[in-house]
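A.B. asks: Here's a structure for you.
The values are calculated or read from the model by the stated rules, or taken from the named source; none is laboratory data. Just so you know, these numbers come straight off a predicted model, no measurement behind them. Here the Cβ positions follow ideal geometry from the backbone for every residue, glycine too, while neighbour counts run over all protein chains shown.
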Amino acid sequence: MADLYQLANLQKIYLDRTVVTIDSLSIQRGEFLAIVGPSGAGKSTLLRLLNFLEAPTSGHLTFDGQPVPSAPPLSLVRRVTTVFQRPALLSRSVRENVAFGLRLRGLHPDGAVTQALERVGLSGLGTVTATTLSGGEMQRVALARALVLNPDVLLLDEPTANLDPYNVNLIETLVREETSRRGTTIVFVTHNVFQARRLAHRVGLMLNGALIELAPTVDFFDSPRDPRTAAFINGEMVY
Amino acid sequence: MANFSSIVLLSLYVSGSALLIASLIGLPIGASLALKPPRAHKIIELIIYTGMGLPPVVVGLFVYMLISRSGPLGWLGWLFTPTAMIAAQVIIALPLVIGLTLTAVQSVDPQLRLQVRSLGASPAQVMRTILWEARLGVVAALLTAYGRLAAEVGAVMLVGGNIQSSTRVLTTSIVLETRQGNFELALALGGVLIVLTFMANFFLVRLSGQTRG
């Protein structure tokens, strides 16, 4: 698989606090990469950098073989989208929420919206105001809104935190399908090491903004190289 | 009666035009300040919030000095015209529209802005979307501004001159009729003013209610 992202000596600093500092990271096209780590490790900031919503303070970020400019063009930003932990929905109908990204692109494909709603099991709720749904349903709307865009990269920032097992299973199935069917590159941030093990091709551990270890899933869990990885997996890390 | 209707129509024209102009300028400025605060945003916000409490009569005096024959804008020939009244009312309404829009947009979930950008919105699309999400607060801003303009008397009296069939509006008429002892007429004009304000509020609240959800 070819590299889609390349990060080298990348830093993100807010005021005088270094939030992300990554010496080297390559993310391959079609890969399912899970990033685990405690709260405040810089995982969400990394996703914002990968979505081009923020520019790195220093270092190199390359996407699809091209260096990413500090003010990336809309055409580049639109190849990537994020589903956040808290589904930030518009106070409009479920259908309008799912169609939102398409309309931003000047498209009006009702068929694609219907299909996306069917995929997430919300066909019957298209006309309901999205913000009145349950947490699990809202997250499924957020996922449908992202999937309908057919992005090259889908970034998921703890999308199943606080959800019941049914919704967790549904969302996991959908994102797994997305990689296998369309070859979508997925970067999945999670606290849940079991979930990372179930889904990812490779897993990385972030601590204090740095990528401590990155390895194929089996190696990451069965023979971690860094003692901090072993401590995190076994729930023995104090932070 | 013809004179009475012209007073009502002029009142609507002056306050409506001022609100429209203040909205066209103030909504994007308020939204921009909330979405992309400049470095000196604290000071700018302080100035705007101070402007929200500007005494209309002071604004009237300021505009009067600007457009009086010897003023820097005297060549415009606006003094004692409805245009001067609109200009003064725009200055009164603008800080209200900017400040209350700023507050309304700031109250929208910051994560929603990030999400909208992540879905591929351009800066203009982000602004439109967030303004729409903040529409109840924005409508409240417009209502507040219209209420202030409709009830305003000091500035329009100074720069308009309360000239019959030319710059006389409901509030200045009420002052005049009261001074002349025509209390019944003054009360009737006051009633009309309240009804007009009620109708404007009703219209805007209905509009925001229809677009909610």
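A.B. asks: Would you check which residues across the stretch A:26-51 are farther than 20 Å from A:LEU199 by Cβ, away from chain B (no Cβ under 14 Å) and surrounded by fewer than 21 Cβ atoms within 10 Å (Cβ to Cβ) and list them?
C.D. replies: The answer is A:SER39, A:GLY40.
A.B. asks: Checking the condition part of a helix (DSSP H, G or I) and under 25 Å from B:VAL8 (Cβ atoms), which residue from B:THR144, B:THR167, B:THR129 passes?
C.D. replies: Just a single option satisfies the conditions, and that option is B:THR144.
A.B. asks: Taking A:LEU76 and the conditions (1) within 14 Å of chain B (Cβ to nearest Cβ); (2) crowded, with 21+ Cβ neighbours inside 10 Å, which numbered condition does it fall short on, given that it satisfies the others?
C.D. replies: So the condition that A:LEU76 fails would be (2).
A.B. asks: Hey, among A:LEU74, A:LEU107, which residue is free of Cβ contacts under 8 Å to residues at least 12 places away in the same chain and in the same structural domain as A:LEU199 (by TED's automatic domain parsing)?
C.D. replies: After applying the criteria, what remains is A:LEU74.
A.B. asks: Taking only the stretch B:98-116 into account, find how many residues are over 24 Å from the mean Cα position of the chain (by Cα) and either modelled with pLDDT of 95 or more or facing another protein chain (nearest Cβ under 7 Å) (or both).
C.D. replies: 6
A.B. asks: Could you look through the stretch B:33-64, keep only residues that are within 19 Å of the chain's Cα centre (by Cα) and among the small types (Gly, Ala, Ser), and pick out the one that is farthest from B:LEU96 (Cα to Cα)?
C.D. replies: Only one residue fits best here, namely B:GLY60.
A.B. asks: I would also like to ask the following. Go through the stretch A:79-104 and give me each residue that's farther than 26 Å from A:THR185 by Cβ and either free of Cβ contacts under 8 Å to residues at least 40 places away in the same chain or of a type outside the set (A, V, I, L, M) (or both).
C.D. replies: A:SER91, A:ARG92, A:SER93, A:ARG95, A:GLU96
A.B. asks: Based on what the data block shows, is A:ARG198 touching a helix residue (DSSP H, G or I) at 6+ places or on another chain (Cβ under 8 Å) and assigned by TED's automatic domain parsing to the domain that holds A:GLY40?
C.D. replies: Spelling it out, A:ARG198 is indeed touching a helix residue (DSSP H, G or I) at 6+ places or on another chain (Cβ under 8 Å) and assigned by TED's automatic domain parsing to the domain that holds A:GLY40.
A.B. asks: Next question, about the same structure. It is to be established whether one or more residues within the stretch A:155-171 are of a type in the set (A, V, I, L, M), under 17 Å from B:LEU119 (Cβ atoms) and surrounded by fewer than 22 Cβ atoms within 10 Å (Cβ to Cβ). So that I can check it myself, show each step before the final result.
C.D. replies: First, pick out the residues of the stretch A:155-171 that are of a type in the set (A, V, I, L, M): A:155-156, A:161, A:163, A:168, A:170-171.
This time we only want the ones that are under 17 Å from B:LEU119 (Cβ atoms), so: A:155-156.
Filter once more, so that each one left must be surrounded by fewer than 22 Cβ atoms within 10 Å (Cβ to Cβ): none.
No: zero hits.
A.B. asks: Now for a different question. Looking at B:VAL205, B:VAL175, can you tell me which residue is closer than 30 Å to A:GLY126 by Cβ and either out of contact with any Leu (no Cβ under 8 Å at 6 or more places or on another chain) or in a helix (DSSP H, G or I) (or both)?
C.D. replies: Values: B:VAL175 fails: closer than 30 Å to A:GLY126 by Cβ.
Step by step, each of B:VAL205, B:VAL175 is checked, and only B:VAL205 is closer than 30 Å to A:GLY126 by Cβ and either out of contact with any Leu (no Cβ under 8 Å at 6 or more places or on another chain) or in a helix (DSSP H, G or I) (or both).
A.B. asks: State whether one or more residues within the stretch B:38-50 are modelled with pLDDT under 95, within 14 Å of chain A (Cβ to nearest Cβ), over 25 Å from B:SER17 (Cα atoms) and surrounded by fewer than 19 Cβ atoms within 10 Å (Cβ to Cβ).
C.D. replies: Checking the stretch B:38-50: at least one residue is modelled with pLDDT under 95, within 14 Å of chain A (Cβ to nearest Cβ), over 25 Å from B:SER17 (Cα atoms) and surrounded by fewer than 19 Cβ atoms within 10 Å (Cβ to Cβ).
A.B. asks: Sticking with this one: Of all residues in the stretch A:151-171, count the ones that are in contact with a Ser or Thr (Cβ under 8 Å, 6 or more places away or on another chain) and either of a type in the set (D, E, K, R) or within 12 Å of chain B (Cβ to nearest Cβ) (or both).
C.D. replies: Looking only at that region, the number is 8.
A.B. asks: So if I check each of B:VAL159, B:VAL139, which one is in a helix (DSSP H, G or I), in contact (Cβ under 8 Å) with a residue 40 or more places away in the chain and over 16 Å from the mean Cα position of the chain (by Cα)?
C.D. replies: Exactly one of B:VAL159, B:VAL139 is in a helix (DSSP H, G or I), in contact (Cβ under 8 Å) with a residue 40 or more places away in the chain and over 16 Å from the mean Cα position of the chain (by Cα), namely B:VAL159.
A.B. asks: Please give the number of the condition A:LEU143 fails out of (1) buried (at least 19 other Cβ atoms within 10 Å of the Cβ); (2) without any contact (Cβ under 8 Å) to a residue 40 or more places away in the chain; (3) of a type in the set (A, V, I, L, M, F, W, C).
C.D. replies: A:LEU143 satisfies every listed condition except (2).
A.B. asks: Next question. Restricting to the stretch B:117-126, name every residue that is facing chain A (nearest Cβ under 8 Å) and either over 17 Å from A:LEU89 (Cβ atoms) or in a helix (DSSP H, G or I) (or both). Steps first, answer last, please.
C.D. replies: Of the stretch B:117-126, the ones facing chain A (nearest Cβ under 8 Å) are B:117-122, B:125.
Within the stretch B:117-126, B:ARG117, B:SER118, B:SER122, B:GLN125 qualify.
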